[in-house]
Amino acid sequence: MKAIRLLAGQLKWCAQIFRAALREIFDESAYARFLSQRQLASSRAAYASFRREYEVTKARRPRCC
Amino acid sequence: MLIWLAVALLGALALATIALHRGEQINAMWLVVAAACSYALGYRFYSKFIAAKLLTLDALRATPAERLDNGRDFVPTNKWVVFGHHFAAIAGPGPLVGPVLAAQFGYLPGTLWILAGAVFGGCVQDFVVLLFSVRRDGKSLTEMARDEIGRLGGLVAYVAVISIIVILLAVCALVVVNALKASPWGTFTIAMTIPIALLMGVYLRTLRPGKVLETSALGFVLVMLAIWGGQWVSQTESVAHWFTFSGPALAILIIIYGFAASALPVWLLLAPRDYLSTFVKLGTITMLALGIVALRPTLHMPPLTRFIDGSGPVFAGNVFPFAFITIACGAISGFHALISSGTTPKLIRRETEARMVGYGAMLAESMVAIMAMIAACVLQPGIYFAINSPAGIVGQAPEAAAATISNWGFPITAAEMHALAQSVGEQTLYNRTGGAPAFAVGMAHIFSNSLGGQALMAIWYHFAIMFEALFILTVLDAGTRVGRFMVQDALGHIWKPLGRTSWYPSILATSALIVAAWGYFLWQGVKDPLGGINSLWPLFGIANQLLATVALCVATTIVIKMGKARYAAVTLGPLAWLVAVTFTASWHKIFDPNPRIGFLSHAAQLASGAGANARLIFNDRLDAVVTGTLIVMVTLILIESAVEWLRVLSGRKQARVKESPFVATRFAEEQG
């Protein structure tokens, strides 16, 4: 039983890390940080503002061959 | 320790099996086992040695992510998340296409180069450049070259980066053209990804702000529907002709697309396509790995083919040096140094995590290259050569091509090729050069045998084509934009308004400039009767490996200035190898008397023939000049670096690296 709980815990940790990685890759975390820094709620205007701020960073990010 | 001894023995057995088997087909799992063991040993022992002795990673030293944390560019991030982020940025179409092209030599040379190149070269480069950038507030490669080597080093690195971007984009576009020409199914599916990306952009901005994963999943479902709809398009004659294009027509469409993607707002097309592409990329690579393990296919390609002598139909040139520049990204890629000194160093939370991110992510990329090699080598060699050989080598007519390839010792009939084309929903698979179609057939073979059987072969093939084209077009639009910014940065020094990234006249002018540069090479490749990829892929490989040479020059200079000259062989070894490979390859590409290899001898052959084509002759001479210019620039940086090394080693110059001052980390208590 203990082993199953341990395994379940590890699987949960893996799933959390996987989700966190996806959220970082897809800029969801960056948007969350943007909202929290400015104490804003998610909205069209907030997202448009986020995209404007991140546009240059995003567009300058190289993608390898 | 016993476990590691067992891993070493198993790896040695697998390597011996793939290297020494002659005349018998082997199972692809031997490649997987050899790779897994080599990577495990390389990571456990070699990267640890580098981390401890050469770089002396300091768990107590604060990284720029911590010191300069601004919640935007600099953000201390979990190491696994940074790993995923870094891998998503370095894994492009290169490790898929390069090994497929190099499979013309057989599976052995490419596989050995992928394994050794990654463990001793590519991973080392990515790791040390990442750490050196971390210790310099996340500075870019060109800034580090300027600071540590000199102004010339910085200038050469900048020009090398621009050159490689232009050649890379041309090659990527050419691969897409070759994959989509005369293919209404593939063209329809890829064309549909543009409105899907636009829809995702609008959905993300107006309906569900910030829900990127959800939007990407929606985009993925729509792309799947587009693949399914493509079958109907290809089977409906009245619609199919709208999506059936020649190479030149596709080239023009892609040039227009590149310009539009560079000039349009990022949120509308570029960002959603990037998200969609990354989503598909990570999913497909995982599926391919699972498919190979589930199917455990047999490799039909021999370990070595007769084409190691340089007479290969896919591209001309001996196994040395051409196998080593054809496979770049899966073994060592200079482009990675841009990412290791770009976003990633600004996210690393602790210095000790640079090992897993820098060295580890490159190992994962190398595994992708091994999977591509397997996908190419599970095909019957006759099929592989029929797909990858240009019409100028094997002939236009199916019977003539089949006879030529059979005469090489790889039996194939026109009827077999026709049946294969029918099974994947294409009119023909002959002369589909560039690597992408052969990879798609191999991947469809693995997928259809693991899931769905032959009935789904066509769907899987077009899924693979869509995956590669989507992948490549993302590199194309993002790369055009990166190139545009670099040109704007440079022109801003001449006239300030040209450097303003939001001034539309400058946006349009610099977008046109960068698109014209790669568009020219693309056009040249499309018009080349020998298949274009024959000339352009080696040019790309040379440019990419020369950038790696620049990165390793910077790394070696820093190592010597750190007072670690006794460990300089870690970066000097791969540097010496790359210099040997790239300089030899460049010499051959410029001066080789064989017109299939040397640009100048090909130009001379064209000039001496009846009805000489002035444009093709000019193209050859231009390619020779580009290659020569790259070599001269890298020679200059090598000389400048060597002078710096000698000054430091002889004591004529004080060894002083330009690192940021030490600041203690607040994460010191954490386990690391």
In region B:629-657, residues that are assigned to a helix (DSSP H, G or I) and of a type in the set (Lys, Arg) total 1
Among helices (runs of 4 or more DSSP H) entirely inside region B:39-125, those with 3 or more residues being β-branched (Val, Ile, Thr) and closer than 19 Å to B:Ile285 by Cβ are B:79-90
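Could you pull out the residue among B:Pro248, B:Pro272, B:Pro265 that is surrounded by fewer than 19 Cβ atoms within 10 Å (Cβ to Cβ), closer than 29 Å to B:Pro505 by Cα and within 11 Å of chain A (Cβ to nearest Cβ)?
Of the residues listed, the single one that is surrounded by fewer than 19 Cβ atoms within 10 Å (Cβ to Cβ), closer than 29 Å to B:Pro505 by Cα and within 11 Å of chain A (Cβ to nearest Cβ) is B:Pro265.
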| Among the residues of region B:196-209, is any within 14 Å of chain A (Cβ to nearest Cβ), touching a helix residue (DSSP H, G or I) at 6+ places or on another chain (Cβ under 8 Å), not hydroxyl-bearing (Ser, Thr, Tyr) and not in a helix (DSSP H, G or I)? | yes
Selection from region B:328-377 of residues outside any loop (DSSP other than H, G, I, E, B), in contact with a strand residue (DSSP E or B) (Cβ under 6 Å, 6 or more places away or on another chain) and within 13 Å of chain A (Cβ to nearest Cβ) yields none
Going through region A:1-58 in order, the residues found to be more than 7 Å from chain B (Cβ to nearest Cβ) and β-branched (Val, Ile, Thr) are A:Ile4
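Residue under question is B:Glu24, and the condition is that it be assigned to a helix (DSSP H, G or I), acidic (Asp, Glu) and out of contact with any His (no Cβ under 7 Å at 6 or more places or on another chain); does it hold? Explain how you work it out, then say what you get.
Numbers: assigned to a helix (DSSP H, G or I): no; acidic (Asp, Glu): yes; out of contact with any His (no Cβ under 7 Å at 6 or more places or on another chain): yes.
No: the conditions fail for B:Glu24.
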Restricting attention to region B:327-380, the residues that are of a type in the set (Gly, Ala, Ser) and either in contact with a Gly (Cβ under 7 Å, 6 or more places away or on another chain) or under 21 Å from B:Leu108 (Cα atoms) (or both) number exactly 11
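In the list B:Thr557, B:Thr571, B:Thr549, which residue meets the criterion of being out of contact with any strand residue (DSSP E or B) (no Cβ under 9 Å at 6 or more places or on another chain), hydroxyl-bearing (Ser, Thr, Tyr), under 24 Å from B:Met144 (Cβ atoms) and modelled with pLDDT under 95? Don't jump to the end; show me each part of the working.
On the way: B:Thr557 fails: modelled with pLDDT under 95; B:Thr571 fails: modelled with pLDDT under 95.
Criteria check complete, one pass: B:Thr549.
Being small (Gly, Ala, Ser), away from every other protein chain (no Cβ under 14 Å), surrounded by 22 or more Cβ atoms within 10 Å (Cβ to Cβ) and touching a Gly at 6+ places or on another chain (Cβ under 9 Å) narrows it down to one of B:Ala65, B:Ala28, B:Ala59, B:Ala34, so name that one. Before you say what the answer is, go through the steps one by one.
Working: B:Ala65 fails: away from every other protein chain (no Cβ under 14 Å); B:Ala28 fails: touching a Gly at 6+ places or on another chain (Cβ under 9 Å); B:Ala59 fails: surrounded by 22 or more Cβ atoms within 10 Å (Cβ to Cβ).
One residue alone meets the criteria, B:Ala34.
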Reported set for region B:286-308 where residues are surrounded by 21 or more Cβ atoms within 10 Å (Cβ to Cβ) and among the β-branched types (Val, Ile, Thr) is B:Ile292, B:Thr305
How many residues of region B:109-139 are surrounded by fewer than 21 Cβ atoms within 10 Å (Cβ to Cβ) and modelled with pLDDT of 95 or more? The answer is 3
Answer yes or no: is there a residue in region B:140-155 that is in contact with a Lys or Arg (Cβ under 6 Å, 6 or more places away or on another chain), surrounded by fewer than 24 Cβ atoms within 10 Å (Cβ to Cβ), under 20 Å from B:Asp489 (Cβ atoms) and small (Gly, Ala, Ser). yes
Taking the condition without any contact (Cβ under 8 Å) to a residue 12 or more places away in the chain and assigned to a helix (DSSP H, G or I), does B:Trp30 pass? no
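Just one of B:Ile285, B:Ile255 is more than 14 Å from chain A (Cβ to nearest Cβ), touching a residue at least 60 places away in the same chain (Cβ under 8 Å) and in a helix (DSSP H, G or I); which is it? Show your work before the answer.
Numbers: B:Ile285 fails: more than 14 Å from chain A (Cβ to nearest Cβ).
Testing whether each residue is more than 14 Å from chain A (Cβ to nearest Cβ), touching a residue at least 60 places away in the same chain (Cβ under 8 Å) and in a helix (DSSP H, G or I) leaves just B:Ile255.
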Inset, instruction - Scan region B:548-566 and give yes if some residue there is away from chain A (no Cβ under 14 Å), out of contact with any Lys or Arg (no Cβ under 7 Å at 6 or more places or on another chain) and without any contact (Cβ under 8 Å) to a residue 40 or more places away in the chain, otherwise no. - result: yes
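The values are calculated or read from the model by the stated rules, or taken from the named source; none is laboratory data. No experiment lies behind these values; they were computed from the predicted model shown. Glycine also receives a Cβ, built like all others from the backbone with ideal geometry; neighbour counts cover every protein chain displayed.
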